[in-house]
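The values are calculated or read from the model by the stated rules, or taken from the named source; none is laboratory data. Remember, it's a predicted structure, so these values are computed and weren't measured experimentally. Cβ coordinates were reconstructed from backbone atoms using ideal geometry, including for glycine residues, and neighbour counts include every protein chain displayed.
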Amino acid sequence: MVEYDPVLYSRILTGVTLGFHTIFATLGVGIPLLIALAEWIGIKRNDLHYHVLARRWTRGYIISVAVGVVTGTAISLQLSLLWPNFMEAAGHTIALPLFLETFAFFFEAIFLGIYLYTWDRFKSKYAHFLLLLPVFIGGGASAFFISTVNAFMNSPIGFNYENGILTNVNPIMAMFNPATPTKVTHVLASSYLTASFILAMIAAFSILRGRDHVYHKKALKLSMTVALAFAISTALIGDLSGKYLAQYQPEKLAAAEWHFETEKGATLIFAGSLDENNKVNRAIEIPYALSILAHGIPGAEVIGLEEFPVEDWPPLVVHYYFDWMVTIGMFLALVAFIYFCMQYRKKWNEFNKPLLSAIIVGGPLAMLAIEAGWFMAEQGRQPWIIRGVMRTAEAATTSNHVDTMLILFILLYLVLAISIVIVLKRVFKASPLEKELKKQGIE
Amino acid sequence: MSYELLGITVLWTFLYGYVIVASIDFGAGFFNYYTTITGKGPIVHKVINRYLSPVWEVTNVFLVFFYVGLLGFFPSVAYYYGTTLLIPGSIATILLCIRGSYYAFHHYGPKKATWTQFLYGATGLFIPASLSTVLTISEGGYINVSNGNVSLDYGKLFTSFYSWSVIILAIVSVLYISACFLTYYAHKAGDTEAFDILRKYALSWSLPTILASFLVFLSISHHNWEHFSRMLDLSWMFILSSLFFLGAVYLIWKKQRLGLSFIFVMLQYAFAFSGYGAAHLPYLLYPYLSIYDGFTNEAMAIALIITFVAGLLLLIPSLILLMRLFVFSNQYVQGKK
């Protein structure tokens, strides 16, 4: 029998909720961009295929939004229920973006409601398209604000903290802390990347199954173009995130890289395993790459974990999360690039089986990279909940029954996950593409 | 007006907004299911769905908004309520999740199943019941504080007369508010069949509403005399509330000016709710936490107030647009758009 530890169960429950919510939050932020592009291209080129594309994407999107909304409500309530001490401190220091986030969400919800029910209500087609902009902006702003809160937990500034008393709070400074620029842009870019790969996956799957309607090809082209743009930007911002970490959270970078000793010209370690003396075995080593990642110069000095007391080390498993995230990111960029080249050269056929398969695999992998990235971000901050200010163990609830709640919530998410798959299947089975194209007066 | 008072007034107003819009939604879910099993479903579903579908998400935001605002203005609330409410809070959260997602699954999915309607209807009654326990707890007497640890006394909570009277009032109010609104909405849609059914619901839930309110009055006088006596000082608010109640029921009875009747319902609750709230002050959690010792720092308070004003400037026009397109557009309501 494991002894009841509210801190451990609170961590697991928060992890489960966030891990589940992230899937829908990522799609919720990313997909409106693609819908907007589809609707806009449809109006511009007077191409009804794009119009139908926007409609069909919206139909799937709204169902994932619903789960995103309810799990978002769950995580916001759980923050107080599981981390009351953290929320008390957060209320004093970083409540501003939390509050702003609800406004952004409010704004988004209102216009999404309008957008959904006004497809044929306005005379000008642009009027309906314009209604999506607040949804897109609201979703992006929500991600922006909530990421600043996470950034604050990693690099808390904008207050003085002495003997348990907070003074000199500056909410704006707390919001725009050193971690904010890279954190926010990385979250946004990777959301657009993941959303476009998920939609590309659907199109590629249809083409591979032999449905060679030009509609699917248009869908694939649009989503893969967006994917390429954001694969590149996600990678570039990821590189800047490494530089941020090296300067402000060197222990996190060191743990992710199993970099124990401070040295110049540091080697980047990929994969591998650790023995009981923290010696790295069977890893791929890339000379100087860590120094380049950390400071942009091959000879630069990178701080190792040895400079921190062992009890402040993040769990070393984050190395694998980091590797997963980076590897998948590279894979996605490569697939998008190959697609772009093959599509560009008319002689080449971009609808070949290996490439389509790679795109299909890319969808779930992109989501896995999002999960890996968040696991790396959250576990890499341990043992702190607010780095250097409050330890995770001090922040948790002391209540009994967190374990029971954990079971209840896992059941809830399982039921929701199964239901959403069934419902999505039914939605698209009930209105096949051919029927919808006919309804819109094409073919 | 002090920042503390300003903060709590704003939040209370939002909570009131949530009570109204959520009640309409919760009750609609119940009537939706109830009419399905009694065979009157087809008559009223159209009215209910035409209203609910574009606004369900907005309803949810009101709650989150109140809650996040409360944490921002009064961070100590997180400590006291967060620790004690683990179980009721988690259960309410799970119910909200089930309700929101199954509404969407049911509504946007092609197949309409009775069991999703059941989930939607049942959660509509359980959520207000579980959320109302927060107000019950705020009266004090249900929380133990020892060695810096706070915990909820479940035995006391579940055996308390006051606690049950609040739950009854919450459920009955949900059905009453919702029926009154839907009566008005059906009237606007020109759907006489639905109107007759919904009007009957509105009238039959009116007497229980007023009885449940008296029950709460009675039990609060036993439970927290201090609060009750401050409520007596504000008795004019409760008298006004009762008058609006009578006015609303009269208009629905007479089938006259139904828009005004729903405004009366809103005023009935506005006065009762603010009377209750004002008498509750300065306590957020009697007697441990008042708005003065749980308040945030000045810099944060100013930032939040500025945000709030700026946010309203953005939201109010958007909400008006939503209302004009769906709730107050005759053509939409009548199904012509």
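Remark: pairs (first residue in segment A:419-443, surrounded by fewer than 16 Cβ atoms within 10 Å (Cβ to Cβ); second residue assigned to a loop (DSSP other than H, G, I, E, B) and small (G, A, S); Cβ separation under 9 Å; 6+ apart in sequence or on different chains) = A:I422/B:G109; A:R426/B:G109; A:A430/B:G109; A:K439/A:S431.
Please count how many residues of segment A:27-59 are under 18 Å from A:S223 (Cα atoms), more than 8 Å from chain B (Cβ to nearest Cβ) and more than 19 Å from the chain's Cα centre (by Cα).
So the first thing to find is which residues in segment A:27-59 are under 18 Å from A:S223 (Cα atoms), and the list is A:27-45, A:47-59.
With the extra rule that they be more than 8 Å from chain B (Cβ to nearest Cβ), the set shrinks to A:27-45, A:47-58.
Imposing the further condition that a residue be more than 19 Å from the chain's Cα centre (by Cα) reduces the set to A:36-45, A:47-58.
Qualifying residue count for the region: 22.
Residues in segment A:95-128 that are more than 8 Å from chain B (Cβ to nearest Cβ), more than 18 Å from B:T59 (Cα to Cα) and at pLDDT below 90: A:W119, A:D120, A:F122, A:K123, A:S124, A:K125, A:Y126, A:A127, A:H128.
Taking the condition within 21 Å of A:A179 (Cβ to Cβ), buried (at least 22 other Cβ atoms within 10 Å of the Cβ) and either modelled with pLDDT of 90 or more or within 23 Å of the chain's Cα centre (by Cα) (or both), does A:A231 pass?
Values: within 21 Å of A:A179 (Cβ to Cβ): no; buried (at least 22 other Cβ atoms within 10 Å of the Cβ): yes; either modelled with pLDDT of 90 or more or within 23 Å of the chain's Cα centre (by Cα) (or both): yes.
No, not satisfied.
Against the definition (within 14 Å of chain A (Cβ to nearest Cβ) and modelled with pLDDT under 85), how does B:L131 come out, yes or no?
Details: within 14 Å of chain A (Cβ to nearest Cβ): yes; modelled with pLDDT under 85: no.
The answer is no for B:L131.
Matching residues to (1) part of a helix (DSSP H, G or I); (2) facing chain A (nearest Cβ under 9 Å); (3) within 20 Å of B:V77 (Cβ to Cβ); (4) at pLDDT 85 or above:
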| residue | (1), (2), (3), (4) |
| --- | --- |
| B:A272 | yes, no, no, yes |
| B:Y292 | no, no, yes, yes |
| B:A303 | yes, yes, yes, yes |
| B:S318 | yes, yes, no, no |
| B:M323 | yes, no, no, no |
| B:K337 | no, yes, no, no |
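Is it the case, given these coordinates, that A:P298 is touching a helix residue (DSSP H, G or I) at 6+ places or on another chain (Cβ under 9 Å), part of a loop (DSSP other than H, G, I, E, B) and closer than 29 Å to A:T194 by Cβ? Answer is no for this residue. Do any helices (runs of 4 or more DSSP H) lying entirely in segment B:11-120 carry at least 1 residues that are among the aliphatic types (A, V, I, L, M) and touching a Phe, Trp or Tyr at 6+ places or on another chain (Cβ under 6 Å), and which ones are they? It comes to B:41-73, B:86-108.
Only one entry of B:W253, B:W236, B:W225 meets the criterion of being surrounded by fewer than 13 Cβ atoms within 10 Å (Cβ to Cβ) and over 23 Å from the mean Cα position of the chain (by Cα), and that entry is B:W225. How many of the residues in segment A:390-417 are assigned to a helix (DSSP H, G or I) and free of Cβ contacts under 8 Å to residues at least 60 places away in the same chain? Of the residues in that region, 7 qualify. Examine segment B:105-112 for a residue that is facing chain A (nearest Cβ under 8 Å) and surrounded by 22 or more Cβ atoms within 10 Å (Cβ to Cβ), and state whether such a residue exists. Yes, because at least one residue in segment B:105-112 is facing chain A (nearest Cβ under 8 Å) and surrounded by 22 or more Cβ atoms within 10 Å (Cβ to Cβ).
Could you tell me whether A:F409 is more than 8 Å from chain B (Cβ to nearest Cβ), at pLDDT 85 or above and either under 30 Å from B:G109 (Cα atoms) or surrounded by 15 or more Cβ atoms within 10 Å (Cβ to Cβ) (or both)? The answer is no for A:F409.
Take the residues of segment B:113-128 that are more than 14 Å from every other protein chain (Cβ to nearest Cβ) and of a type in the set (A, V, I, L, M, F, W, C): which is farthest from B:A170 (Cα to Cα)? Full working, then the answer.
So the first thing to find is which residues in segment B:113-128 are more than 14 Å from every other protein chain (Cβ to nearest Cβ), and the list is B:114, B:117-118, B:121-122, B:124-126, B:128.
Those still in the list that are of a type in the set (A, V, I, L, M, F, W, C) too: B:118, B:122, B:125-126.
On the way: B:F118: 20, B:A122: 14, B:L125: 9, B:F126: 10 Å.
Result: B:F118.
Could you please give the count of residues in segment A:119-162 that are among the basic types (K, R) and not in a loop (DSSP other than H, G, I, E, B)? Don't jump to the end; show me each part of the working.
Filtering segment A:119-162 down to residues among the basic types (K, R) leaves A:121, A:123, A:125.
Still in the list and also not in a loop (DSSP other than H, G, I, E, B): A:125.
Total meeting the criteria: 1.
Just checking, which of A:K353, A:K346 is among the basic types (K, R), without any contact (Cβ under 8 Å) to a residue 60 or more places away in the chain and within 30 Å of A:L222 (Cα to Cα)?
Values: A:K353 fails: without any contact (Cβ under 8 Å) to a residue 60 or more places away in the chain.
Going through A:K353, A:K346 in turn, just one is among the basic types (K, R), without any contact (Cβ under 8 Å) to a residue 60 or more places away in the chain and within 30 Å of A:L222 (Cα to Cα): A:K346.
Scan segment A:87-94 and tell me whether some residue there is small (G, A, S), at the interface with chain B (Cβ under 7 Å from one of its Cβ atoms), crowded, with 20+ Cβ neighbours inside 10 Å and more than 21 Å from the chain's Cα centre (by Cα). Checking segment A:87-94: at least one residue is small (G, A, S), at the interface with chain B (Cβ under 7 Å from one of its Cβ atoms), crowded, with 20+ Cβ neighbours inside 10 Å and more than 21 Å from the chain's Cα centre (by Cα). Please go through segment B:132-165 and pick out each residue that is touching a residue at least 60 places away in the same chain (Cβ under 8 Å), part of a helix (DSSP H, G or I) and crowded, with 17+ Cβ neighbours inside 10 Å. Selection gives B:I137, B:S138, B:Y162.
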